[in-house]
Amino acid sequence: MKLILIGFLSGIISGMGIGGGTLLIPFLVFFNGLSQLEAQGINLVVFIPVALVAIVTHYKEGNIEFKYSKKIILSGIIPAILGSYLASK
């Protein structure tokens with residue numbers, strides 16, 4: 001029941017655009033005894049469906065400017081890979 005409540009609150013915060021990880025990670029670490037690394041991994045998995053819903057919603061509303069988003073995505077891929085590699089070391 002505790003995990004359902006954590007997921008519910010995290011989903012509400014995510015839907016508001018704040019980022020559910022701000023609640024999800026501390027709750028998983030402090031109240032469920034997970035390591036921070038495990039909690040961050042779970043947060044990434046939880047983030048995927050939330051992000052997909054947000055993308056579809058913003059696309060339908062015409063809020064995505066593809067001209068800019070392609071440049072931002074491409075310029076973020078290499079630093080994201082580098083940051084993940086450095087964090088694992």
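Here are the numbers for the structure shown:
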{"read-out": "Matching residues in segment 19-57 - criterion: being of a type in the set (A, V, I, L, M) and open to solvent by 80 Å² or more (accessible area, probe 1.4 Å)", "value": "Leu37, Leu44, Val45, Ile48, Leu52, Val53, Ile55"}
{"read-out": "Selection within segment 42-82 - of a type in the set (Gly, Ala, Ser) and more than 16 Å from the chain's Cα centre (by Cα)", "value": "Gly62, Ser69, Ser75"}
{"read-out": "Qualifying residue in segment 4-23 (condition: modelled with pLDDT of 85 or more, within 11 Å of the chain's Cα centre (by Cα) and within 22 Å of Ala87 (Cβ to Cβ))", "value": "no"}
{"read-out": "Selection count, segment 58-89, where residues are within 18 Å of Ile18 (Cβ to Cβ) and surrounded by 11 or more Cβ atoms within 10 Å (Cβ to Cβ)", "value": "1"}
{"read-out": "Neighbours by Cβ (under 8 Å, 6+ apart or cross-chain): first from segment 40-63, touching a residue at least 24 places away in the same chain (Cβ under 8 Å); second basic (Lys, Arg)", "value": "none"}
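The values are calculated or read from the model by the stated rules, or taken from the named source; none is laboratory data. For clarity, every value in this text was computed on a predicted model and none was experimentally measured. Counting neighbours? That spans all protein chains shown, and the Cβs are built from the backbone with ideal geometry, glycine included. The protein model used for the area step is the full one, side chains on, heavy atoms only, and it has no ligands, DNA or RNA in it. Shrake-Rupley method; radii C 1.70, N 1.55, O 1.52, S 1.80 Å.
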